[in-house]
Amino acid sequence: MQKDQRLLDLAALLLKAAEPVSWREIQEQFPEDYAGTGDAAIRKFERDKADLLELGIPVRYAAGDEDLPAGYLIDKDEFYLPDLRLAPEDLALLYVAGSAALAQGTFPYARDLAHALNKLSFAASAPGASETAALAARRLSAEDVEPPPAVVRWLEELSRAMAQRKRVHLRYKRAERPEERERDVDPYGLFQKGGAWYLAGYCHLRKDLRTFHLSRVVSLTVNPAAPRTPDFAVRPGFSLAALAAREPWEFQVHPPQRCRVRLEGPVSDEVLASFGPAKRVEEESGGLIVELEATNAEGLLRHVLSLSGGAEILSPRPLRERAREVLSALSKGLS
């Protein structure tokens, strides 16, 4: 039997079983693969079990007790996702978001998303469900004509590396300088923000958590050594949600420094909110002064310049001078 078919049949056997399946029963169901009393059959089964675990199928051995026999099983509570009982308006919003992602054509997990949308309960009655289901069907049946963009390739490689807990080697372009740096990173998680994808992980060069913009990755290599052995464990207390919620000037690039930014009035709620929750605001004649802490001054500079003259960096002095240099270069380029 082919390996893929054997793994599928083994998972189906364990899922259908009402109680743990003994090794003898498994041998009887797979006589061509696990028959015999030698170590070879056991080693083959252990390799198959490890492959199922890598695929996210939680196979484990139950020692047994007075009520249940000893044997192998798949923990159904861990394997099956909980039933999604969404209100119609929430389901409609989910379909809109899924449709937008599929329509991009370059969304890295498009096939998985299309499968998920097709399998969602209440699909037939959800507003917009029929249109989204049609889009998902086209996506699932379409052949990929062009190779995926670099960011999509990095996402696919990193997804596998995270699942197997394997270290990755990056060649990375820094935002503020054109040269490339090489980093060894333990990939903890991926997130999307502002239309861009980011990798969060432990950087062995900096000896700390760092965030990497995937569009600046030049090359990426997953550690090929000992593919079945994890290279790292995620640090206790790590929160991908907390990292994803950080503002660009909160990335750990340099020691913290207090910054003051003047906003010309009238200041909209949207502009004020764009400086995040960790800020102090004071009123000034004709505008507002925003004071915050930055560990990535270039990130704050880019945000202030994006406000099209409605904001001015007051301090620290080096950052104010840097803003003047950028604006001067821009004005020369336009003249």
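The values are calculated or read from the model by the stated rules, or taken from the named source; none is laboratory data. Computed from a prediction, not measured in an experiment: that's the story for all the values here. A quick note on method: Cβ atoms are made from the backbone with ideal geometry, for glycine too, and the neighbour counts reach across all protein chains shown. What goes into the accessible areas is simple: the full protein's heavy atoms, side chains included, and nothing from ligands, DNA or RNA. Shrake-Rupley method; radii C 1.70, N 1.55, O 1.52, S 1.80 Å.
Where the second residue is modelled with pLDDT of 90 or more and of a type in the set (A, V, I, L, M) and the first is open to solvent by 50 Å² or more (accessible area, probe 1.4 Å) and lies in the range 19-37, which pairs have Cβ atoms under 7 Å and are six or more apart or on separate chains?
Qualifying pairs under 7 Å: Q29/L13.
Among (1) open to solvent by 40 Å² or more (accessible area, probe 1.4 Å); (2) part of a helix (DSSP H, G or I); (3) in contact with a helix residue (DSSP H, G or I) (Cβ under 7 Å, 6 or more places away or on another chain); (4) modelled with pLDDT under 90, which single condition is M1 missing?
Single failed check for M1: (2).
Return the residue satisfying two criteria in turn: it lies in the range 174-209 and is among the basic types (K, R) and either at pLDDT 90 or above or more than 14 Å from the chain's Cα centre (by Cα) (or both), and of such residues it is least open to solvent (accessible area, probe 1.4 Å). Let's see the steps before the verdict.
Going residue by residue through the range 174-209, those that are among the basic types (K, R) are 174, 177, 181, 183, 193, 206-207.
Those still in the list that are either at pLDDT 90 or above or more than 14 Å from the chain's Cα centre (by Cα) (or both) too: 174, 177, 181, 183, 206-207.
Details: R174: 46, R177: 111, R181: 78, R183: 21, R206: 104, K207: 131 Å².
Only one residue tops the list, namely R183.
Do we find a residue being at pLDDT below 95, within 25 Å of Y172 (Cβ to Cβ), touching a Cys at 6+ places or on another chain (Cβ under 9 Å) and small (G, A, S) anywhere in the range 221-238?
no
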